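Working notes, structure below.
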Amino acid sequence: MRNYKRTLCIISGLSLSVLSLFFCSAIAESQQQIATTRSKVDSIGSSMWNPGYRWEPYAAVRIDSDYALTSYRVSLLRPTVYAGMRGRLRFASQERSWLLPDRLALIGRARHMRYFGQDALQSDYSEAEWVELSGEWLVAQHALKIGVQELVWGETIGLPLVDLVHARDQREPIFTDPSETRLPAAMAVLSLAPFANWNWQSFVTPLPPKPRLPKRRAELAIIDRSHSSVDQEAEFGTRLGWLSPSGIDTKIYALRHASRIPIYEPVIVDGQAALSYHSSMLNTAGAGLSYAAGAWVLRGDFVRHLNQAFWSPSKSSLEHGAVDRLALGIDWSGEDTRFFALQYSQDQYASQFASLITPRWRRWMAGKFSLPLAGRSFKVEGLVMQGLGHRDLWLQPRVLAETASGLSVELRADLLSGDNQLGHYFGPDTDADRLRLTIKYLF
Amino acid sequence: MMRVLSICIALLASSAWAIDANEILSKADEIRSPSAAFVMEVTIKSGEDVSRFEVAIKGKDKTMIRTLAPPRDKGRNLLMLGDDMWAYIPDLKRAVRVSLSQKLTGEAANGDIARVRWAGDYTAKIEKEDANSWTLFLLATRRGLTYDKARVVVAKGSFRPLSAEYLTLDGDLLKRAEFGAYQQLAGTERPTEIKIRDAARQDRVSIITIINMTPQELKDAEFQQANLGP
């Protein structure tokens, strides 16, 4: 019966998508005018690589509507209106000096989100933030970028194993793409290319932001006793990369950062059970590789968190130990953006966690495909992630309709089932099925 | 004796004047694009879809492609270093490894734009010759290039590439390309239109049009994964 309901949800969502496309086609009328304006703006600067300056504007509007899929009921959870814009002012010079480098770029990107709460626990609220506000100096093959920005590391697609540089929005980590849960930070990033095929990148985040925590988890309120980001320690890391003559791109990493897995301690506050958030620093080392052969690409990431912490109820304190995470993937890209990928991943927890996490090995197999239909206007995508030796199952069908003008409508369902235990991938989101309709317009 | 001598002289003279297939290929490359660094703007039309790219090329192993249009693909930039290629995926906000043979758009592979020189990537031999043209058979010098084999027709005298057939390793025909609309670009007459047709489905055609081409000094620092982002 539940499957029947899901099917109904997906069909109704598809109908909504088609209706939305018709609705949005009216907007296409204004495309001509926008295109004219854009061409005028583009003509301000010259080529990207020419001396002089270039102004690159960009804007997007997105409306998300989330629906919870529970037995016999589809309920609207929360519409979100998202608006973002970006500008990059780039100066390039022919003469080089430290004051006047090869290229100087000032980059600004901001987003504003308006969430519409649908229940008594969550009222309407807005979030506005700089996604990027930075200056970049480029001298010879070296670059220094200072300011609010995002730095993304890792070779595999999907699980953000090495994508550890930034704190994350933990409110709905499963239902939000990893790239959208990253919290931009004020940091300095130095990129050096000392020898051919070698690159070395280092970062320091003096005042890292704290993760955004959900208000509740498993019916328990979450409280944060640390007061500001000043309580956080500085985060830093380095990455050395080498592209071998055979085409294998290898990278090794070392980072010191706050735990990207939120750690909660059960507490009693005003006679009520609650969860208190703990910030815990850890050291991580890792390696990654990628190799392309024809239409196939091999990818792999491995990280060892040397002192990952979890709250031990029996000891009433934090338990520290090593956690190893591995992802190995292969993907194939074919004609017209056809895409197929397989990925094996596993987590291994140190023996200290034996009483907390059983078994200490977790393995998953994931498959993903993307199939274009009707030229490139429609795309059908699917993700299946199945636990090996345990019940975790994540199904994510996705239908995307997009026009060349920048309008797109996407319907995505996330159907999760598995064990709601610490260490399992889905954690508290297990059995929290979701349907999301997204209408997006890029200017 | 005199007859033998004259035959030897004739043979020597003919070998001195005969042009090597790889030399023809190099000269055809010179017609396709300048050998040093340059920036060009190209469009690729596949059916109703039109994509626009800004392409910076330095030598034969460094290329950066920035997608300017359509809006849905803006930011999907490509970097080629040697035989290796990375694409910036806006949804992931990072560069990921991709292969040269992947489709850029329509029938055009990444390598059709990113690698505009055959010499070095392929060894050539003259397969056929007539009064007006040479037909060269090209064999990839290594795996992982856009195409494993190709057959290229080059005009005699002008060394203009006229057409090409791109083949699989087994010799099966993948695509046909026609080089046309020769116009003044970066100091000489070059093809400004490349029509690529799928061999199996003749109705699937992509037209690469070079709008402009400007030789200019490009710094190695520009060709880094860190610069792929929008």
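The values are calculated or read from the model by the stated rules, or taken from the named source; none is laboratory data. On a predicted model such as this, the values are computed, not experimentally measured, just so you know. Positions of Cβ are generated from backbone atoms using ideal geometry, with glycine treated the same way; all protein chains shown enter the neighbour counts.
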Going through the stretch B:29-70 in order, the residues found to be in a strand (DSSP E or B) and of a type in the set (Val, Ile, Thr) are B:Val39, B:Val42, B:Thr43, B:Ile44, B:Val50, B:Val55, B:Ile57, B:Thr63, B:Ile65, B:Thr67
Criterion violated by A:Leu328 - all others in (1) closer than 30 Å to A:Leu400 by Cβ; (2) crowded, with 18+ Cβ neighbours inside 10 Å satisfied
(2)
Does any residue of the stretch B:178-187 turn out to be within 14 Å of chain A (Cβ to nearest Cβ) and either over 24 Å from B:Trp86 (Cα atoms) or at pLDDT 90 or above (or both)?
yes
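Condition first: at pLDDT 85 or above and among the β-branched types (Val, Ile, Thr). Can you find one or more residues in the stretch A:367-381 that meet it?
We begin by selecting, within the stretch A:367-381, every residue at pLDDT 85 or above; these are A:367-372, A:378-381.
Applying the additional criterion that residues be among the β-branched types (Val, Ile, Thr) yields A:380.
Within the stretch A:367-381, one or more residues are at pLDDT 85 or above and among the β-branched types (Val, Ile, Thr).
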Complete set of residues in the stretch B:195-215 that are touching a residue at least 60 places away in the same chain (Cβ under 8 Å) and over 16 Å from B:Glu30 (Cα atoms)
B:Ile196, B:Arg197, B:Asp198, B:Arg204, B:Val205, B:Ser206, B:Ile207, B:Ile208, B:Thr209, B:Ile211, B:Asn212
For the stretch A:386-406, give me each residue that is within 10 Å of chain B (Cβ to nearest Cβ) and either farther than 24 Å from A:Ile439 by Cβ or not in a strand (DSSP E or B) (or both).
A:Thr403, A:Ala404, A:Ser405, A:Gly406
Looking only at the stretch B:178-195, count every residue that is of a type outside the set (A, V, I, L, M), under 15 Å from B:Ile211 (Cβ atoms) and crowded, with 20+ Cβ neighbours inside 10 Å and tell me the total.
3
Here's a check for you: in the stretch B:198-230, which residue that is of a type in the set (Gly, Ala, Ser) and crowded, with 18+ Cβ neighbours inside 10 Å is farthest from the other protein chains (Cβ to nearest Cβ)?
B:Ser206
Just checking, does the stretch A:141-149 include any residue being within 30 Å of B:Leu218 (Cβ to Cβ), in contact (Cβ under 8 Å) with a residue 40 or more places away in the chain, more than 10 Å from chain B (Cβ to nearest Cβ) and surrounded by fewer than 16 Cβ atoms within 10 Å (Cβ to Cβ)?
yes
So in the stretch A:249-307, with the set limited to residues that are closer than 22 Å to A:Pro208 by Cα and of a type in the set (Lys, Arg), which one is surrounded by the most Cβ atoms within 10 Å (Cβ to Cβ)?
A:Arg260
List the strands (runs of 3 or more DSSP E) that sit entirely inside the stretch B:90-180 and contain at least 3 residues that are free of Cβ contacts under 8 Å to residues at least 40 places away in the same chain.
B:94-98, B:122-129, B:133-140, B:149-155, B:161-167
When you scan the stretch A:111-216 for strands (runs of 3 or more DSSP E) that lie fully inside it, which ones turn up with 3 or more residues that are farther than 30 Å from A:Trp394 by Cα and of a type in the set (D, E, K, R)?
A:125-139
In the stretch A:334-370, what residues are hydrophobic (A, V, I, L, M, F, W, C) and either outside any strand (DSSP E or B) or more than 14 Å from every other protein chain (Cβ to nearest Cβ) (or both)?
A:Leu342, A:Ala350, A:Phe353, A:Ala354, A:Leu356, A:Ile357, A:Trp361, A:Trp364, A:Met365, A:Ala366, A:Phe369
Inside the stretch A:308-321, can you point out the residues that are more than 24 Å from the chain's Cα centre (by Cα) and not in a loop (DSSP other than H, G, I, E, B)?
A:Trp311, A:Ser312, A:Ser317, A:Leu318, A:Glu319, A:His320, A:Gly321
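Which one of B:Ala95, B:Ala108, B:Ala87, B:Ala114 is of a type in the set (A, V, I, L, M, F, W, C) and either within 8 Å of chain A (Cβ to nearest Cβ) or farther than 24 Å from A:Gly241 by Cα (or both)?
Details: B:Ala95 fails: either within 8 Å of chain A (Cβ to nearest Cβ) or farther than 24 Å from A:Gly241 by Cα (or both); B:Ala87 fails: either within 8 Å of chain A (Cβ to nearest Cβ) or farther than 24 Å from A:Gly241 by Cα (or both); B:Ala114 fails: either within 8 Å of chain A (Cβ to nearest Cβ) or farther than 24 Å from A:Gly241 by Cα (or both).
B:Ala108 is the lone residue from the list that is of a type in the set (A, V, I, L, M, F, W, C) and either within 8 Å of chain A (Cβ to nearest Cβ) or farther than 24 Å from A:Gly241 by Cα (or both).
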When residues of the stretch B:54-73 are filtered for being facing chain A (nearest Cβ under 8 Å) and within 14 Å of B:Ala95 (Cα to Cα), how many remain?
1
Note on A:His305: of the conditions (1) closer than 30 Å to B:Ser99 by Cβ; (2) outside any loop (DSSP other than H, G, I, E, B), unmet is (1)
Looking only at the stretch B:164-178, which residues are hydroxyl-bearing (Ser, Thr, Tyr) and under 15 Å from B:Ala124 (Cβ atoms)?
B:Tyr166
Within the stretch A:181-202, residues within 12 Å of chain B (Cβ to nearest Cβ) and surrounded by 15 or more Cβ atoms within 10 Å (Cβ to Cβ) come out as A:Thr181, A:Arg182, A:Pro184, A:Val189, A:Leu190, A:Ser191, A:Leu192, A:Ala193, A:Asn199, A:Trp200, A:Gln201
